[in-house]
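Each remark here refers to the structure printed beneath this line.
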Amino acid sequence: MEETEARFSSQIVVITGSATGIGEATMARFASEGASVVGLDNNTSENNATAATIRSEGGRALAVDCDVRSEEQQERAFAEVLERYGRIDVLVASAGIFVGSALADIPMERWHDIEAVNLTGVLLSNKLVAPTMTEQGSGSIINIASMAAKTSWPQSAEYSATKSGVIGITRSVAMELGPHGITANAVCPGNTLTAMVRKVAGEVGATLDMTADEWLAMRANDTALKRLAKPWEVAGLIAFLASADARYITGQSIEVDGGLILS
Ligand SMILES: NC(=O)c1ccc[n+]([C@@H]2O[C@H](COP(=O)([O-])OP(=O)(O)OC[C@H]3O[C@@H](n4cnc5c(N)ncnc54)[C@H](O)[C@@H]3O)[C@@H](O)[C@H]2O)c1
């Protein structure tokens, strides 16, 4: 793997939701810039494949099995990272799920599951890196929220609620850990071409009598740039927020949405 620029050389970067999509692209981005990346995900085969691809290209990557809903599993995963590397410079909390349906059809067990991944998962990872980063006197936390926290769509109350909560966690973490030299920011992607958005396109499109492709075209048309994001374009913002150039940016929730918010 060619190191484009060693912005993160000798840094340890932990990414949840690393197996696919934005998390996978973020693993590749940090590794290409010199970091040792550790991916926490419960999709074991895809997570191993992501790390193996990076290693085969000359990068440093480790896959750790972890269901972010589980406090015990997250504790074990972060303990493994610390035992192996002794520090954590960057946390990217990207693990997340979306299931949409009309309000009347939301089963409570599904709400609790979305909340467990999207909110508890983020809160736990932030909590678990805090002591290490505080002791170091440095660190960057980047939580992946969504444009669903800044605009609204029908049939996504659960998702919107959790992503708004991610912004709330991030702002409080920024205030609490700022005095220790730690920044915390949220990234709000618009529709990004990953497995998640293709699934959403199928499910939500069907309720509107549209094919998945028609729904995706409609969402692209809602943006100023008239296209959806690629995962690496979101990874670019995440890497910037973890870089030395962003040390005075904290508590923000930043859109990477192709101008969706303008419509
Ligand atoms: N794709 C989009 O359009 C979009 C837009 C806004 C925000 N987001 C957010 O970006 C993040 C990444 O989503 P993506 O689009 O890359 O989707 P994705 O489905 O490709 O990736 C999500 C990752 O999270 C992992 N994951 C899910 N549940 C988990 C659990 N319990 N424990 C550990 N890992 C788990 C999955 O295995 C997968 O690797 C999510 O938080 C999502 O809400 C995505």
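The values are calculated or read from the model by the stated rules, or taken from the named source; none is laboratory data. Note that the structure is predicted; figures quoted are calculated from it, not measured. Backbone-built Cβ (ideal geometry, glycine too); neighbour counts: all protein chains shown.
Name every residue in the stretch 102-123 that is under 20 Å from the mean Cα position of the chain (by Cα) and either more than 10 Å from the ligand (Cβ to nearest atom) or charged (D, E, K, R) (or both), in order of residue number.
Trp111, His112, Asp113, Glu115, Leu119, Leu123
Check Ala206 against each of (1) more than 12 Å from the ligand (Cβ to nearest atom); (2) under 21 Å from the mean Cα position of the chain (by Cα); (3) part of a helix (DSSP H, G or I) and name the one condition it does not meet.
Result: Ala206 passes all but (2).
Name the residue, out of Val38, Val99, Val68, that is outside any strand (DSSP E or B), of a type outside the set (Gly, Ala, Ser) and either more than 22 Å from Ala229 (Cβ to Cβ) or away from the ligand (no atom under 13 Å from the Cβ) (or both).
Just one listed residue meets the conditions, Val68.
Would you mention how many residues in the stretch 217-263 are hydroxyl-bearing (Ser, Thr, Tyr) and either touching a Gly at 6+ places or on another chain (Cβ under 8 Å) or in contact (Cβ under 8 Å) with a residue 60 or more places away in the chain (or both)?
4
Of all residues in the stretch 124-141 being hydroxyl-bearing (Ser, Thr, Tyr) and part of a helix (DSSP H, G or I), which is farthest from Glu71 (Cα to Cα)?
Thr134
Of all residues being of a type in the set (Lys, Arg) and within 12 Å of the ligand (Cβ to nearest atom) in the stretch 147-175, which is surrounded by the most Cβ atoms within 10 Å (Cβ to Cβ)? Just the residue, please.
By that ranking, first place goes to Lys163.
Within the stretch 8-18, identify whether any single residue is surrounded by fewer than 16 Cβ atoms within 10 Å (Cβ to Cβ) and either away from the ligand (no atom under 13 Å from the Cβ) or aliphatic (A, V, I, L, M) (or both), and answer yes or no.
The answer is yes; a qualifying residue exists.
Which numbered condition in (1) modelled with pLDDT of 95 or more; (2) surrounded by fewer than 17 Cβ atoms within 10 Å (Cβ to Cβ); (3) part of a loop (DSSP other than H, G, I, E, B) is the only one that Asp113 fails?
Here Asp113 clears every test but (3).
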